[in-house]
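Computed from the coordinates by the stated procedures, all read-outs in this text should not be read as laboratory data. Given the structure is predicted, the values throughout are model-derived calculations rather than measurements. Neighbour counts are summed over all protein chains in view; Cβ atoms, including those assigned to glycine, are modelled from backbone coordinates with ideal geometry.
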C-alpha cells in the first residue's frame with residue numbers, strides 16, 4: 001500500500017508550526033528510517049498516517065484513502081502504530097487481551113485471533129507474561145507489548161515511533177527479526193529513530209528532517225554530508241565518523257564495510 | 001568516604017517469584033561517575049529505586065541487606081528526607097512530570113517550592129536549570145506540549161534543580177537525539193566536576209566509556225562485574241549489552257589479522273583512532 005503526502009503542513013493549537021510543507025511518496029513495501037532532531041516534526045508527521053493528526057494544509061493518502069475522510073478506527077486497519085511511550089496505548093488489564101483487542105475488532109474468528117496473538121507473543125518473547133497486567137511489567141517489556149499488538153494486526157503499513165529506545169542487544173536483535181518479517185510480508189515500515197547506527201544497518205532508505213521539513217532522503221551516504229547531519233542534530237554513524245577522523249576519502253558505514261576499507265588502506 | 005554503600009542487597013517485588021536483585025554489594029565514592037549496565041530485566045531500574053529509597057518505602061516486596069546514603073540507612077530514614085539526598089530521574093520522563101503545574105518553569109520549581117526555598121533563590125536556580133537543559137525557550141509552555149525529548153530534559157532539570165548530592169539517572173538520554181544526548185552527557189560531566197555524585201543506567205556504551213570512572217554490570221539481578229569501563233565493555237556480548245560499532249569493527253579486524261589479537265577493544269572514537277592511527 002502506497003503512501004502519498006503532498007505539501008503537508010501542521011500547526012498545533014498552541015500555534016507551533018510542527019510541519020512546514022512535506023511532500024513524500026513511500027511506495028508499498030518500503031522500509032524507511034526517519035531521523036532528525038527532537039522537535040523536527042517526525043512524530044507529528046507519522047501521526048498523520050493513522051489519522052491521529054489531520055493536516056492543517058495539504059493531503060495525506062494511505063492507499064486510496066485521504067486521511068481526512070477516514071476515522072482513526074478505519075485507518076487502524078491499514079496503519080499499525082507503536083507509540084514512543086507505550087503507556088499511551090496500553091489499556092487492557094492482561095497482556096493477552098491487549099494484543100487480541102485489535103484483531104477482535106477486525107471481526108476475525110476466535111481461532112484466527114488466537115493464532116495471531118500466539119504468533120505475536122512468540123515474536124515479541126512475551127509468552128511467559130501473557131496473563132500479566134501490562135503495568136506490572138517494566139517499561140522495556142511494555143514496549144514489546146505495544147509492538148506485539150501491532151504485529152497481531154498485520155497491517156500493510158507499520159509505524160514505529162522510537163522502537164530502539166531502551167533496547168538491549170537481545171531486544172535489538174528481536175527488532176531486526178521483526179523488521180525482516182515485515183519486509184518478507186511486503187509491509188511498509190516507517191521507523192522514527194535516534195539510533196543512526198541501527199538505521200543505516202537495517203533500513204535501505206533514510207529520511208532526515210529538521211524544523212518541520214525533510215532535508216535529505218537516500219541511503220546511508222546522505223549522512224556523509226556534514227551540513228545535513230548538523231542541521232538535523234544527528235551524529236554520522238560511528239564508523240563513518242572514525243573513517244573521517246582517519247582521513248579516509250570513502251566513508252564506510254557498517255563494521256563489515258569498515259574492515260574491508262581498512263584492509264585496503 | 002563512600003556516599004553510597006550497598007551491602008548484600010536483595011529484593012523481590014511482592015508479586016514476583018524471582019528476585020529482582022540478588023546479594024549486591026558495592027560502594028560509590030563521593031564525586032564519582034558510576035555507570036550501571038546490563039540487559040533489560042537485569043535489575044538496573046530496581047537498583048536505582050533502592051538507592052533512592054523508593055525500595056522499601058514505595059515499592060512493596062521483600063528487601064534484605066542495607067543501602068546507606070551518607071551513612072543513613074534507607075530503611076530507617078523517611079523518604080521525604082532521602083529525596084533531598086538522592087535525586088532519581090525515572091526512565092520514563094512521562095512519569096516524572098507532576099501534572100500539577102501549567103508551565104515548564106513552574107514544573108521545575110515544584111520541588112523547590114515544596115522545600116520552602118525563598119522566591120529569589122528559587123527563580124535563580126530554576127533559570128539556571130532551564131538553561132542547562134535547553135528549556136529556556138519553552139519555559140512558559142505546558143509540560144505536556146513538549147516533545148518526548150524535551151520532556152526528558154524537563155525531568156532532568158526538575159531533579160537537578162534540587163541539587164541533591166547524589167543523582168541517579170535511569171537511561172537519561174533514551175528519548176534524546178544525538179545532540180541532546182551529548183548535551184546531557186556534558187552536563188553530567190560538568191556536575192561531576194562540581195563534586196556531584198552521579199550514578200547512571202545506560203545502554204549507550206560509548207557514553208559509558210567516556211563518562212564513567214567505574215562500571216557495574218548487572219545480570220539477572222546479580223552484580224557480575226565491577227571495574228574500569230574499557231576492560232568490562234569488551235565483554236559486552238556476554239551480558240547482552242549493545243557493543244559499540246568501534247568494538248564490533250575491531251573484532252572483525254582482529255579476525256582478519258588487521259590489528260593485534262591482544263589489542264583491547266575500543267569503545268570510543270578516540271580509542272579506535274589510537275589503535276588504527278599507526
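Across peptide A:136-144, the average count of Cβ atoms from other chains found within 10 Å of a residue's Cβ is 4.
Once you have a ≥ b ≥ c as the square roots of the Cα gyration tensor eigenvalues for chain A, tell me rounded if a/c is under 1.5, and otherwise prolate or oblate according to whether a/b is larger than b/c. In terms of gyration-tensor shape, oblate. Projected over all directions and averaged, the alpha-carbon convex hull of the range B:96-163 occupies 3.9 nm². Under the criterion of Cα pairs below 8 Å and six or more residues apart, the relative contact order for chain A equals 23 percent. Structure remark: mean-square fluctuation, Gaussian network model of chain B, C-alpha springs under 10 Å; the largest value among B:121, B:29, B:131 belongs to B:121. Indicate the gyration tensor shape class of the protein assembly as shown (rounded, prolate or oblate), computed on the Cα atoms with a ≥ b ≥ c the square roots of the eigenvalues: a/c under 1.5 is rounded; otherwise a/b larger than b/c is prolate and the rest oblate. It is rounded, given that a/c, with a ≥ b ≥ c, falls under 1.5.
One-quarter of the Cα convex hull surface for the range A:87-154, in nm²? The number I arrive at for the range A:87-154 is 3.9 nm². For chain B, a Gaussian network of Cα nodes joined below 10 Å ranks B:213, B:147, B:25 by mean-square fluctuation, and the top entry is B:147. Scaling the Cα radius of gyration of chain B by the globular reference 2.2 N^0.38 Å produces a ratio of 1.05. Across the range B:96-163, the relative contact order, built from alpha-carbon pairs under 8 Å that are at least six residues apart, equals 46 percent.
Normalised by the number of residues in the range A:87-154, the average gap of Cα pairs under 8 Å and 6 or more apart makes the relative contact order 47 percent. Quick one: check the C-alpha center-to-center distance for the range A:10-51 versus the range A:99-145, whole angstrom. The range A:10-51 and the range A:99-145 have Cα centres separated by 28 Å.
Taking 0.36 nm per residue of sequence separation and removing the Cα-Cα distance, the residue A:131/residue A:9 pair yields an extension gain of 39.7 nm. When the Gaussian network model of chain A links Cα atoms closer than 10 Å, the mean-square fluctuations of A:120, A:232, A:243 top out at A:243.
With helices as the sole contributors, the protein assembly as shown gives -10500 deg cm²/dmol at 222 nm; each DSSP H run of n ≥ 4 counts as -39500 (n - 2.57), and the sum is divided by every residue. Between residue B:27 and residue A:89, what FRET efficiency comes out of the Förster formula 1/(1 + (r/R0)^6) with R0 = 41 Å and r the beta carbon distance, rounded to 0.05? That pair, residue A:89 with residue B:27, gives E of 0.50. For the range B:114-238, the convex hull spanned by the alpha carbon atoms encloses 137 Å³ per residue.
Counting Cβ atoms of other protein chains within 10 Å of each residue's Cβ and taking the mean over peptide A:5-16 gives 1. Could you tell me whether the range A:19-137 comes out rounded, prolate or oblate from its Cα gyration tensor? Rule is a ≥ b ≥ c as square roots of the eigenvalues, rounded for a/c under 1.5, then prolate if a/b exceeds b/c, otherwise oblate. It is prolate, given that a/c is not under 1.5 and a/b is the larger ratio.
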